Amino acid sequence: MASLSSVSSALLLRPFQAGDAEAFRTLNEEWIAANFGLEEKDHTTLRDPDGQILRPGGAIFMAITGHTAIGCCALVPIEPGVYEVAKMAVERSHRGFGVGRKILEYTIAQARARGATRLYLETNKTLLNAIHLYESVGFRHLPPERVTPSPYARANVFMEMVL
């Protein structure tokens, strides 16, 4: 079992690289299937992260301990300077140790370094820990009139961060 000190001291945050696609897919499929069920947009994105996220100008970041990916988060381009924070996942046995906060803060820093002016995300009202994390780093809830339709049936909370 992981401990807070062992996870924190051994955590490496880095950009996606060759060989990470399987871990990115597995990490996301595990939490989505456990909470909601995978949707067609999940399958499309997780089967082809290069074509769906990286080649259009996005990024994926991985949280690694030892040689094992335990978390991930993506920046999906929406328009110039605007990215969706998406596909954030932490392996079940490593939850509760701050890995999610670290990968999210790293992702935000990388967005700033890319010149992003705004970040957007979609989540679900049942994911209270995730919503609290997003709020704690500066995301704010969007009013209904600013929400655009989502490709995900599970999305019912919409947030943004102005950088």
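Some notes on this structure:
For (1) within 23 Å of residue 111 (Cα to Cα); (2) of a type in the set (Gly, Ala, Ser); (3) modelled with pLDDT of 95 or more, each residue gets a yes or a no:
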residue	(1), (2), (3)
126	no, no, yes
135	yes, no, yes
138	yes, yes, yes
145	no, no, no
158	yes, no, yes
163	yes, no, yes
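- Boolean, residue 64 is of a type in the set (Val, Ile, Thr), under 23 Å from residue 139 (Cα atoms) and either in contact with a Ser or Thr (Cβ under 6 Å, 6 or more places away or on another chain) or not in a loop (DSSP other than H, G, I, E, B) (or both): no
- Selected residue [of a type in the set (Lys, Arg) and touching a Leu at 6+ places or on another chain (Cβ under 8 Å)] from 102, 125: 102
- Within the span defined as the stretch 20-34, every residue fails to be surrounded by fewer than 16 Cβ atoms within 10 Å (Cβ to Cβ) and not in a helix (DSSP H, G or I).
- Once the stretch 136-162 is narrowed to residues that are charged (D, E, K, R) and either assigned to a loop (DSSP other than H, G, I, E, B) or without any contact (Cβ under 8 Å) to a residue 24 or more places away in the chain (or both), the residue that is surrounded by the most Cβ atoms within 10 Å (Cβ to Cβ) is 154.
- Summed over the stretch 105-129, the residues that are of a type in the set (Val, Ile, Thr) and surrounded by fewer than 16 Cβ atoms within 10 Å (Cβ to Cβ) give a count of 2.
The values are calculated or read from the model by the stated rules, or taken from the named source; none is laboratory data. No experiment lies behind these values; they were computed from the predicted model shown. All Cβ positions, even for glycine, are placed from backbone atoms using ideal geometry, and neighbour counts span all protein chains on display.
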